[in-house]
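Trainee: Here it is, the structure, as structure tokens.
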Protein chains: 2
Amino acid sequence: MARVKSEKMFENITLAAESLFEEHGYIGTTISRIAKEAGTAPSNVYVYYPSKIEIAFAVFDPWLRARITELEERVAGCAGVREQLTTLVEGLLRDIAGDETGRTLTLVQALATAGKTDEYSPALLHWTEERILGMIARALPDGDPDLLRSLAHVLMLAFDGVALRQNLRRSNEGEDYVVHSILNLLFFTLTASRAPVQRNAAGTARTDDRS
Amino acid sequence: MARVKSEKMFENITLAAESLFEEHGYIGTTISRIAKEAGTAPSNVYVYYPSKIEIAFAVFDPWLRARITELEERVAGCAGVREQLTTLVEGLLRDIAGDETGRTLTLVQALATAGKTDEYSPALLHWTEERILGMIARALPDGDPDLLRSLAHVLMLAFDGVALRQNLRRSNEGEDYVVHSILNLLFFTLTASRAPVQRNAAGTARTDDRS
DNA sequence: GCCGTAAAGCGAATTACATTCGCTATTGAC
DNA sequence: GTCAATAGCGAATGTAATTCGCTTTACGGC
């Protein structure tokens, strides 16, 4: 063997990219700029990453995992079903998907511009969906498994939708409405799926934990 | 006045763009190629459209409106609530958002790469959401208006999500699962919202029109 | 400590595009 | 028939990702 990759340089490039993506998004960030910020030449960036899109994935992956894990803790700390679901949906859609630092926008841009040749491992998406399913299932232990999976899937789609529309909106009032809509739907569904267990005379259902 | 824009040339450019976007997506289509296909020079394209993204919008807008209108007719022709909702969701998510000719992918790519300076009128999105709301409301005339609007909104998000993920998947089995999930959720919700009116002894609800 | 070598590092291409410029040719209005 | 606006076009321009070829460095074996 001979000369070895510098851990320091790898870190410089990754951190520079992270900071620039955050500030300017995927498309607004150039390899030249990343290199300059990392203190090297553009061509040397390709010693550490095979392409620009791989840098974006490398930056986004740990960020999303950290946010989801953090969200799991917050959800687990909530007392009732409604609080748990509200925390989950707000955290996922408003805080993470609607993230103002533009990281999900970065990913959306990267994914949208990814060519057929860019191999994007769906591992992160799977992982995320499983985590969301876990949170839902813990909130609704008696829920029908198929329905819970459907909920998780729809939440993932909504996540993508919110991220995509980041690029179109000025204000973020849209996200609040999204959160409201999903929770609206979720609570109706919750009512329906738990209805056989507890139902009052008026025909409306209530859970044992009020918010 | 002097020389006037040729209607024929405008059509040539638009049709060439439509065909190329369909085949290669937004990013895979170049202005040079559009011009060649239209029988003119790249620079002349800019006499008819201010930018590449405007061409994409011009092509996508009438296509989406036609598909949605067509879907409205199909939904209206369905007999029961479940058939109507199934037709709506399948048509919207599998046929239109998951469109194999890649038109929604084209739009997603265009939107994702759109700079802050690109003015994209949200008129089309509003129009689409209103049409979806109309279809849902006609299927569920007794539904709570707020809930119906939430449903329409979530469907729009799912639409975006499906379109975005077009770029990641090889097969389209994912769309079938999406359709299943949404319908699953929808029917639970339907059950819940109609429950106060009709409910049988077992605590499960059923509507008056079975599929 | 020295040497060979694989690989880091880098400046200069290369390639690909969207978009603009300056000029020529056309055509509609008078 | 003349004028003038503008369609049409070939050649820039500018930007950005990625590659190339060369130089320099530093690890492993001796």
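The values are calculated or read from the model by the stated rules, or taken from the named source; none is laboratory data. All values reported here derive from a predicted model rather than from experimental measurement. Every residue, glycine as well, gets a Cβ built from its backbone with ideal geometry; the counts of neighbours run over all protein chains shown. Heads up: the accessible areas ignore ligands, DNA and RNA and are worked out on the full protein's heavy atoms, side chains in. Shrake-Rupley method; radii C 1.70, N 1.55, O 1.52, S 1.80 Å.
Trainee: Can you tell me which residue in the range B:11-20 is farthest from the other protein chains (Cβ to nearest Cβ), limited to those that are surrounded by 15 or more Cβ atoms within 10 Å (Cβ to Cβ) and either within 14 Å of DNA strand D (Cβ to nearest atom) or free of Cβ contacts under 8 Å to residues at least 12 places away in the same chain (or both)?
Mentor: My answer is B:ASN12.
Trainee: Step by step: first the residues of the range B:1-32, then only those that are among the β-branched types (Val, Ile, Thr) and near DNA strand C (Cβ under 8 Å from one of its atoms), then the one that is farthest from the chain's Cα centre (by Cα). Which residue is that?
Mentor: Selected residue: B:VAL4.
Trainee: Here's another thing I want to ask about it. For the structure I just gave you, tell me whether B:ILE55 is under 16 Å from the mean Cα position of the chain (by Cα) and either β-branched (Val, Ile, Thr) or open to solvent by 30 Å² or more (accessible area, probe 1.4 Å) (or both).
Mentor: In short, no.
Trainee: Has the range B:104-116 got any residue that is of a type outside the set (Gly, Ala, Ser), more than 18 Å from the chain's Cα centre (by Cα) and closer than 22 Å to A:ARG165 by Cα?
Mentor: Yes, that holds for at least one residue.
Trainee: Another question, then. If we scan the range A:40-53, do we find a residue that is more than 16 Å from A:THR113 (Cα to Cα), modelled with pLDDT of 95 or more, more than 14 Å from every other protein chain (Cβ to nearest Cβ) and away from DNA strand D (no atom under 13 Å from the Cβ)?
Mentor: For the range A:40-53, residues more than 16 Å from A:THR113 (Cα to Cα), modelled with pLDDT of 95 or more, more than 14 Å from every other protein chain (Cβ to nearest Cβ) and away from DNA strand D (no atom under 13 Å from the Cβ): absent.
Trainee: Is at least one residue of the range B:21-40 over 23 Å from B:GLN109 (Cα atoms) and either among the small types (Gly, Ala, Ser) or out of contact with any helix residue (DSSP H, G or I) (no Cβ under 6 Å at 6 or more places or on another chain) (or both)?
Mentor: Yes, some residue in the range B:21-40 is over 23 Å from B:GLN109 (Cα atoms) and either among the small types (Gly, Ala, Ser) or out of contact with any helix residue (DSSP H, G or I) (no Cβ under 6 Å at 6 or more places or on another chain) (or both).
Trainee: Could you check, for the range A:21-28, whether at least one of its residues is aliphatic (A, V, I, L, M) and either open to solvent by less than 60 Å² (accessible area, probe 1.4 Å) or away from DNA strand D (no atom under 11 Å from the Cβ) (or both)?
Mentor: no
Trainee: Give the number of residues within the range B:33-45 that are open to solvent by less than 70 Å² (accessible area, probe 1.4 Å) and within 11 Å of DNA strand C (Cβ to nearest atom).
Mentor: Going through the range B:33-45 one residue at a time, the tally reaches 6.
Trainee: Among the helices (runs of 4 or more DSSP H) contained in the range A:58-171, which hold 1 or more residues that are open to solvent by 30 Å² or more (accessible area, probe 1.4 Å) and among the hydrophobic types (A, V, I, L, M, F, W, C)?
Mentor: Those helices (runs of 4 or more DSSP H) span A:123-139.
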